[in-house]
Amino acid sequence: MPSRSLPDGCCIFEAEQILPAPPEELWGFFADASNLERITPPWLRFRVLTPAPIAMRQGTIIDYRLRWRFLPIRWRTLISAWDPPNRFVDEQVRGPYRLWRHEHRFEPLGGGTRMIDRVEYRAPLAALSHPLVVRRDVEGIFAHRRAILEAHPEWLSAEPLRR
């Protein structure tokens, strides 16, 4: 689903994907921050800076590095909600957006899982980026993620990526 804009400048992006395993089996993959490097588009040059293993729970802080439009960016997120294997929320503490709140939900569906992503975001300063460009990038990031997960369902039950 494409992003939608609200009158206060906040945008909401929502996506759903059906995955071939129950939430309890998928949780380990999505709860391991190092796996973000596998499912993030290469053009972002995304790297987790927090040393692994990261003890994921409510209150965990994670640092990342990425490149956006040739600009090096440091990003820090806080895990603000943690409810295994149903949902977790990461929120930007410091980074490129004026607001970033990403809720990950995992709902049982037959023998599989409906994974739902809901992102509330506000684009960076208008002087650096047009909101429509940011919208296209957010949608592109999640389209890439969908394609990678469809191409590599074996990753969902594999050991996490280690550097």
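The values are calculated or read from the model by the stated rules, or taken from the named source; none is laboratory data. Not measured: the values here are computed from a predicted model. We place every Cβ from the backbone using ideal geometry, glycine too, and count neighbours over all the protein chains shown.
Total residues in segment 21-45 satisfying the condition of being under 18 Å from residue 142 (Cα atoms), surrounded by 15 or more Cβ atoms within 10 Å (Cβ to Cβ) and not aromatic (Phe, Trp, Tyr): the figure is 13. The listed residues are 76, 94, 69, and the only one of them that is in contact (Cβ under 8 Å) with a residue 40 or more places away in the chain and basic (Lys, Arg) turns out to be 69. Scanning segment 5-18 for residues that are at pLDDT 95 or above, hydrophobic (A, V, I, L, M, F, W, C) and either out of contact with any Gly (no Cβ under 9 Å at 6 or more places or on another chain) or surrounded by 15 or more Cβ atoms within 10 Å (Cβ to Cβ) (or both) yields a single hit, 15. For segment 22-34, the set of residues classified as in a helix (DSSP H, G or I), of a type outside the set (A, V, I, L, M, F, W, C) and closer than 17 Å to residue 150 by Cα consists of 23, 25, listed by residue number. The residue of segment 69-100 that is nearest to the chain's Cα centre (by Cα), among those that are at pLDDT below 95 and farther than 20 Å from residue 10 by Cα, is 73.
Here residue 143 fulfils each of the conditions (1) surrounded by fewer than 17 Cβ atoms within 10 Å (Cβ to Cβ); (2) modelled with pLDDT under 95; (3) part of a helix (DSSP H, G or I) apart from (2).
The single condition among (1) in a strand (DSSP E or B); (2) touching a helix residue (DSSP H, G or I) at 6+ places or on another chain (Cβ under 6 Å) that residue 81 does not meet is (2). Determine whether residue 70 is of a type outside the set (S, T, N, Q) and touching a helix residue (DSSP H, G or I) at 6+ places or on another chain (Cβ under 6 Å). No; evaluated as a whole, the condition is false for this residue. Say whether the condition of being buried (at least 18 other Cβ atoms within 10 Å of the Cβ), within 19 Å of residue 143 (Cβ to Cβ) and either touching a strand residue (DSSP E or B) at 6+ places or on another chain (Cβ under 7 Å) or touching a residue at least 12 places away in the same chain (Cβ under 8 Å) (or both) is met by at least one residue in segment 46-59. Scanning segment 46-59 turns up at least one residue that is buried (at least 18 other Cβ atoms within 10 Å of the Cβ), within 19 Å of residue 143 (Cβ to Cβ) and either touching a strand residue (DSSP E or B) at 6+ places or on another chain (Cβ under 7 Å) or touching a residue at least 12 places away in the same chain (Cβ under 8 Å) (or both). In the set 37, 14, only one residue is assigned to a strand (DSSP E or B), of a type outside the set (Phe, Trp, Tyr), touching a residue at least 24 places away in the same chain (Cβ under 8 Å) and closer than 16 Å to residue 146 by Cα; that residue is 14. Regarding residue 62, is this residue under 21 Å from residue 138 (Cα atoms) and at pLDDT 95 or above? Yes: the conditions hold for residue 62. Here residue 134 passes the criteria (1) farther than 19 Å from residue 37 by Cα; (2) surrounded by 16 or more Cβ atoms within 10 Å (Cβ to Cβ); (3) in contact with a strand residue (DSSP E or B) (Cβ under 7 Å, 6 or more places away or on another chain); (4) modelled with pLDDT under 95 except the one numbered (3). Regarding segment 102-112, can at least one residue be identified that is free of Cβ contacts under 8 Å to residues at least 12 places away in the same chain, surrounded by fewer than 16 Cβ atoms within 10 Å (Cβ to Cβ) and not acidic (Asp, Glu)? Yes; the residues of segment 102-112 include at least one that is free of Cβ contacts under 8 Å to residues at least 12 places away in the same chain, surrounded by fewer than 16 Cβ atoms within 10 Å (Cβ to Cβ) and not acidic (Asp, Glu).
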